[in-house]
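Shown next, in structure tokens, is the structure this report addresses.
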Amino acid sequence: MKTTRHPRPTGYAVFLAPGLLLSLLFLVVPLVMTFYYSLTQWQGVGEPTWIGFDNYTRLFSDADFWASFRNIAFVIVGIAVVPTLLGLFLAALLFDYIGKKHGDGFVSLFRSGLYLPQVIPVAVTGLMWGWILAPEGAVNSVLEKIGLNSLAQNWLGDPDFALWMVLAVLVWMQLGYPLVLFLSGLQRIDPELYEAASLDGATWWQRFTRITVPILRPEVYVVLVTTTIAGLKVFAQIFVLTGGGPGNSTLVPAYFAYQNFFERADVGYGSAISSTITLLVLIIAGTMLTRQAREDG
Amino acid sequence: MTTHTTSTAPPGHRRKAVKAEAGKAKATGNRRSPGSYAVLAAVAVFVLAFLAPFIVILLNSFKTSADFRTNGSLSLPAQWNWSIIAEVWDRVGFTQKLFNSIQISLGVVLIAVLLALFNAYAIGIGRIRWRTPFLIFFLGVNVLPQEGLVYPIYYLFKEMGLYDGKLGYTILVGITYSAFGTYLLSSVFASFPRELIEAASMDGAGRWTILWRIVLPMSWPTLSVMCVFFFVWSWNEFLYPLVLLISNDNQTVPLGLSVMQGQYTSDPTSMSAAALLGIVPMVVFFLIFQRSLTRGMTAGAVK
């Protein structure tokens, strides 16, 4: 890495100054402030009162907080695990079957279709699904049409279903992301490898497990880490679809923090929640980085 | 009929036959069979079902309330009428929202790309001291959850008079994205041909000249993908605009539509029309910039 045959060029630091200063001012200062607020009791007006780690101890005995973390575990399944598995399968199917037999035109058509939800604003996606899953929405219409009236539900208003519906919407939104990444990762594969394998009598499933999956390992890793981080930050979907309810059945930490900031004027407590998420996100991202660095070098 | 891969195929199938002979089709797996059409059809059905929500929204945005009540959400509109969409457009102030979103997103793109370019120039080309810690810093900033920053920003923006204004918000989001751009561009710049820069500086080009005349033009492919991406991200932002852009004159498209939700719960066709209004701009954008979008995501995730 370090070649010091030439004297180090100087004078470039000035280019870093604006970006660095603005980031410090607009991002790092607020981050530090949030942490400071988390150690105080504050309603957003007047002076914050220092209370040390009381907010955090309160957090650990708060059923809503634990519910929000349990829900995050589900959210991560919906946003990370399921789309990754489904994406792997679909990518292999498109690349190693449809593409070969019916041409790349179909592959890019399908890829675009499945990627589309990724570019729609999350809030609008929520609006759309909220309407489809409403008591008089399309899902219940379908059930009625096919004579399964008894299965019709208030999908987002029933605590037994709401979280599963959120999960389904998340899978729908996220699927395009791993798919596109995996398809581009598969370009790395020498087509001969598949051909040799099929000449040797390997079945599609064998090619999938022995060639596709091992080769896509880096992409799988990236998808799992980035979507897990995205899962911890999930907010807009919940805000628009369920507002965390019914009860706390779809509450997530980001929404819980938002409620404390802007609805309950409990800024100190909200800050403790968001500081906890921030810490978790930084730990996951840091772990990913060091692991990747170790693999690269 | 299903196997045309022999050289005796009729003329109409010659292209396929040639293609098959040209190489990649020695393996028997390339032959189309009834089974392969079944798989193709199955995937096509899956994709159609996947896109069904869009179709449902489209159908219901053009229905009158009476039509919806009698025929439900799955029928074709008895007659296609634009009045609901027009009405929602007016009620939401969609023209204004569209203008706000475009203005903000363009501003965000400009700020984010400029800052990222400068940062990455210093880190990737200038190889300044402590570049690795700086890079780690930007990477860390890149993953920070907005909810961890939003309250102090809300508070500080109120103090500074930036609250409920497009300027402060645009700068904030621009800076946020610049962290990602810095990370991406630095790795691109790290493999920039050094000879070019050395040659230019031999010829007496200063650092500004090198940046504008050599580095910028050569990194345009990456930059343009970044622009497309930042535009979409900024268009789709939710938490920051929810907190920072509260007045009707400043709201963005997704926010303007989603806060109308409460008023529409008893008015399904309007709801659907609102969703359609939110979907269309990005679908148009997607159709235009599809390649950049998919390419950009790849670049971002696996450098």
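A few comments on the model shown:
- Qualifying position, being more than 8 Å from chain A (Cβ to nearest Cβ) and either modelled with pLDDT of 90 or more or within 30 Å of B:Ile55 (Cα to Cα) (or both), among B:Gly296, B:Gly204: B:Gly296
- Only one entry in B:Arg194, B:Arg213 is more than 9 Å from every other protein chain (Cβ to nearest Cβ), closer than 22 Å to A:Gly19 by Cα, of a type in the set (Lys, Arg) and surrounded by fewer than 18 Cβ atoms within 10 Å (Cβ to Cβ), namely B:Arg213.
- Within segment A:158-207, if we keep just the residues that are polar (S, T, N, Q) and not in a loop (DSSP other than H, G, I, E, B), the residue that is modelled with the lowest pLDDT turns out to be A:Ser198.
- Residue list for segment A:257-295, filter: open to solvent by less than 30 Å² (accessible area, probe 1.4 Å), facing chain B (nearest Cβ under 7 Å) and not aromatic (Phe, Trp, Tyr): A:Ala257, A:Val267, A:Gly270, A:Ser271, A:Ser274, A:Ser275, A:Ile277, A:Thr278, A:Val281, A:Ala285
- Among the residues listed as B:Gly161, B:Gly165, the single one being at positive phi, among the small types (Gly, Ala, Ser) and surrounded by fewer than 18 Cβ atoms within 10 Å (Cβ to Cβ): B:Gly161
- Within segment B:170-191, the residues that satisfy the criterion of being of a type in the set (Gly, Ala, Ser) and within 9 Å of another protein chain (Cβ to nearest Cβ) are B:Gly174, B:Ser178, B:Ala179.
- Just one of the numbered conditions (1) at the interface with another protein chain (Cβ under 10 Å from one of its Cβ atoms); (2) closer than 12 Å to A:Ser23 by Cα is not true of B:Gly148: (2).
- From the options B:Thr182, B:Thr170, residue that is buried (at least 21 other Cβ atoms within 10 Å of the Cβ), more than 23 Å from A:Val234 (Cα to Cα) and either of a type in the set (Lys, Arg) or touching a helix residue (DSSP H, G or I) at 6+ places or on another chain (Cβ under 8 Å) (or both): B:Thr182
Table: residues versus (1) of a type in the set (D, E, K, R); (2) at the interface with chain B (Cβ under 9 Å from one of its Cβ atoms); (3) in contact with a Lys or Arg (Cβ under 8 Å, 6 or more places away or on another chain); (4) surrounded by fewer than 20 Cβ atoms within 10 Å (Cβ to Cβ).
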{"site": "A:Gln118", "(1), (2), (3), (4)": "no, yes, no, no"}
{"site": "A:Leu133", "(1), (2), (3), (4)": "no, no, no, no"}
{"site": "A:Val142", "(1), (2), (3), (4)": "no, yes, no, yes"}
{"site": "A:Ala162", "(1), (2), (3), (4)": "no, no, no, no"}
{"site": "A:Met165", "(1), (2), (3), (4)": "no, no, no, no"}
{"site": "A:Leu179", "(1), (2), (3), (4)": "no, no, yes, no"}
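- All of B:Ser101, B:Ser36 fail the test of being more than 8 Å from chain A (Cβ to nearest Cβ) and among the hydroxyl-bearing types (Ser, Thr, Tyr), apart from B:Ser101.
- Some residue of segment A:22-35 being more than 30 Å from B:Arg127 (Cβ to Cβ), surrounded by 20 or more Cβ atoms within 10 Å (Cβ to Cβ) and either touching a helix residue (DSSP H, G or I) at 6+ places or on another chain (Cβ under 9 Å) or not small (Gly, Ala, Ser) (or both): yes
The values are calculated or read from the model by the stated rules, or taken from the named source; none is laboratory data. Worth saying up front: this structure is predicted, and the values here are computed from it rather than measured. We place every Cβ from the backbone using ideal geometry, glycine too, and count neighbours over all the protein chains shown. Protein only, heavy atoms only, side chains kept; ligands, DNA and RNA dropped before computing areas. Shrake-Rupley method; radii C 1.70, N 1.55, O 1.52, S 1.80 Å.
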